[in-house]
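Below: one structure, written as structure tokens.
FYI, it's all coordinate maths here, none of it is from the lab. The structure presented is a predicted model; accordingly, all values stated were derived computationally and were not measured. Every residue, glycine as well, gets a Cβ built from its backbone with ideal geometry; the counts of neighbours run over all protein chains shown.
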Amino acid sequence: MPAAPKIQSIDLSLDALFQEFYSVPDFQREYVWQPENVRKLLDDIIDEFGIENGSVPPSEDEYFIGSIVVYRHTVTGKYELIDGQQRLTTCYLVFCALRDRLRAVNAQSTALNKKIYDVHSHGITGEDEPQFRLDLQYEDSDHVLEKIAAGDTPVNEIVGTTESVKHLVNAYQTIDEYLRETFHDDPASLKGFYAAFSYRVKLIRIETPNLSHALKIFETINDRGVGLNAMDLLKNLLFMRVNTNQYDDLKKLWKKLIESLERASEKPLRFLRYYILANYKVDLPRGELREDQIYDWFQSNIEQTGIDRQPMLFLNELVETARCYEQFTKSCNAQGQPVQALANIAALSNRARQHFVLLLAGRKLPAEAFDALSRHLENLYFCYIITREPTKNFERVFGKWSPQVRSIRDLSGLEQFVSEQLVPELAARVSTFDFALGALSLDRVQKYRIRYVLAKMVDYIERAAGRTPPRMADLFYSTKIHIEHIFPRSLPLWHYADFPDGYAVVNRLGNLTLLEGTINTSVSDNPFALKLVEYPKSQYLLTSSIALVPQVGKNTQFNRAVTMLEAFDTWDAKSIASRQEMLRKLARQIWLPYFTDAD
């Protein structure tokens, strides 16, 4: 009796995966991923490794992105791709975009080039043939992947002749834009991401003896539930625990859960991790809970969660938590009321969700206490971001704090939590915070974060002076409010010769302010003497005081507030340094009110 054909599976890094050559057969459907699918994959990888600021993730960290099903073609010797072409094609486009970004900054990589194009030995003749690592055989591809992989034609000049071509071009452009936004064409950061992407992102390659077996495996994976993730397994676990007459209710509740997560644009496994960290005691090495540990954790904590005794009660609580989670994504509390501090965090970091762990833990707090918790979290989050704390540490800290937050019942309990946990956490970062603010510039952080800093300063001064501040949403996002460079940034380079830092001085925080668009247009690249006439017309004290610090009465709230500001007669390197120091002190009062400037 002949032996049954063997099916082999192996988990491989993308580096190992792209040592081979792959082909997508002509009977496969075209590439369909949208920009949001591509960004989600990149967001997941960035979030997992915490490498947004170019930091190197721990060497043991790995990230699993699924499986592919292949069989080796007997003639070409290539792997024919039967399942997983969307993610594999996207990964290939990432390598192409990385190559092009590195070329642009004169930092090419021979190893990277070989993941895109190399010599392949023909399956029958054994002759060496130059080949691209991935080949799309379906007609709608119109050879566009070859053009992108060759790197000879600017991608923005490729005309979309089919929907597949449009999707492929859009995917490449999305990746290229993402790399620019995240790594600012810094060669070291780009190479750090390339290393993490190549060696720590993994796929399972399931290899079958022939096409027939590959199609059967594809059917099994997609139709019979093999390879389920923790969310699917949890659902099955609940079905096993409830009575058959509760099946319909369970299905309806589960549908509500999924719909909440979809509206929140949240991936279910991250939600489950945050749900566990927010609601239960988690004893794991380093205080972390990986996605591949979620289901095992539920199985090991049946009693703690109540899944075994009251599965429907557990599910109702899970659904309610997802509803709250959805509200948090809208910068609201659990009751749907707007919370400005949450909107501020979103403006500071539009991908920020780690703080949801503590928001979930405190979701039942009275509105006043929840608002206060959110404000404290905003201060901490800004401190973490500005001092470049690795984002993976956020979850570990927040998970450690969640039991205490769950026990808070009122403002008094919150103040105790702040005193015991937040203040010591921030105290350890005061000097680093001061250094970061003293050196803050558009060369160091993204423009939207500089805008957040200036917006918060405008808001703080206006409130301190007893005035009604502009809407924070306008300060953050309105195109009618500009970041003004006090010393212009568009002058010939010789204008910067008198500055010790040369042209870089124009991007320092001390040289920046928020200014209404109408005034910004009139001041343009004018000398400082002419700008002094226009700045007092601004409604923002932070800006108008550059020319003159106003006074109202004697020893008034207004006067006490504007003592934090400074006016200037001339604008030079000394002026910029002086204003930068002024803004650093102001930042201390806004984000670190627990400490005096002498601490």
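The fraction of Cα-Cα pairs per 5 angstrom bin, counted from 0 for segment 280-370, comes to 3, 12, 19, 20, 18, 15, 11, 3, 0 percent, rounded to whole percents. For the set K78/K114; K400/K456; K115/K191, the pairs lying more than 25 angstrom apart at their alpha carbons are K400/K456.
The residues packed around G77, meaning those with a beta-carbon under 12 Å from its beta-carbon, carry a net charge of -3 if Lys and Arg are +1 and Asp and Glu are -1. Extending 7 Å from Cα along the Cβ direction at D292 and again at D43 yields two label points whose distance is 2.4 nm.
Calculated mean residue ellipticity at 222 nm for the chain: -15500 deg cm²/dmol, from DSSP H runs with n ≥ 4 weighted as -39500 (n - 2.57), summed, divided by the residue count and rounded to 500. Residue ranges 511-518, 416-423, 399-406, 105-112 sort as 511-518, 399-406, 416-423, 105-112 when ordered by packing (mean number of other C-beta atoms within 10 Å per residue, highest first).
Taken along its principal axes, the alpha carbon cloud of segment 547-599 reaches lengths of 34, 32, 15 Å, longest axis first. Between D118 and K166, what length in nm is gained on full extension when 0.36 nm per residue of separation is reduced by their alpha carbon distance? In short, 14.7 nm is gained.
Using 0.36 nm times the number of residues separating Q335 and E181, minus their current alpha carbon distance, what extension gain do you get?
Length gained, Q335 through E181: 52.0 nm.
Max-minus-min Cα coordinates of segment 330-428 on each principal axis give 32, 29, 18 Å, with the largest extent listed first. Put a dot 7 Å past the Cα of L313, heading toward its Cβ, do the same for V75, and the two dots end up 6.5 nm apart. Ordering D292, D283, D501, D142 from the fewest to the most neighbouring beta carbons within 10 Å gives D283, D292, D501, D142. Is the shape of segment 360-413 best called rounded, prolate or oblate, per the rule: a/c under 1.5 gives rounded, else a/b larger than b/c gives prolate, else oblate, with a ≥ b ≥ c the square roots of the Cα gyration tensor eigenvalues? Oblate, because a/c is 1.5 or more while a/b does not exceed b/c.
Quick one: if the Förster radius is 51 Å, what FRET efficiency do I204 and M582 give, using the C-beta to C-beta distance and rounding to 0.05? The formula returns an efficiency of 0.35 here.
In the chain, which whole DSSP H runs stretch at least 20 Å along their own axis (Cα) and average -1.0 or higher on the Kyte-Doolittle scale?
Span-like helices in the chain: 35-49, 85-104, 163-183, 311-329, 367-386, 447-464, 573-591.
Each Lys and Arg Cβ is given +1 and each Asp and Glu Cβ -1; about its Cα centre, segment 228-321 then shows a dipole of about 140 debye. Taking a quarter of the surface of the Cα convex hull of the chain gives a mean projected area of 33.9 nm².
Set against the 2.2 N^0.38 Å expectation for a compact globular protein, segment 106-177 has a Cα radius of gyration ratio of 1.25. Once the gyration tensor of the Cα atoms in segment 436-591 is diagonalised, the equivalent ellipsoid follows with semi-axes of 23, 17, 16 Å, ordered largest first.
In summary, the aspartates and glutamates within cross-link reach of K252, defined as a Cα separation below 19 angstrom excluding same-chain residues under 8 places away, comprise D232, E262, E317, E320, E326. In summary, segment 8-223 shows an alpha-carbon radius of gyration equal to 0.99 times the 2.2 N^0.38 Å reference for compact globular proteins.
In terms of surrounding Cβ atoms within a 10 Å radius of their Cβ, M231, M457, M312, M240 rank from fewest to most as M240, M312, M231, M457. Model label points for I10 and D501, set 7 angstrom from Cα along the Cα-to-Cβ axis, are 5.1 nm apart. Full extension of the segment from R388 to V32, taken as 0.36 nm per residue of separation minus the current Cα-Cα distance, would add 124.5 nm. Charged neighbours of L373, selected by a Cβ distance under 15 Å, balance to -2 (K, R count +1; D, E count -1). Highest mean first, the peptides 440-453, 462-475, 195-208 sorted by other C-beta atoms within 10 Å per residue fall in the order 195-208, 440-453, 462-475. Here segment 436-591 is assigned +1 on the Cβ of each Lys and Arg and -1 on the Cβ of each Asp and Glu. Its dipole about the Cα centre then comes out at about 620 debye.
Normalising by the residue count of the chain, find the relative contact order in percent from Cα pairs under 8 Å and 6+ residues apart. Value for the chain: 11 percent.
Sorting F64, F298 by the number of Cβ atoms found within 10 Å of their own Cβ, with the fewest placed first, yields F64, F298.
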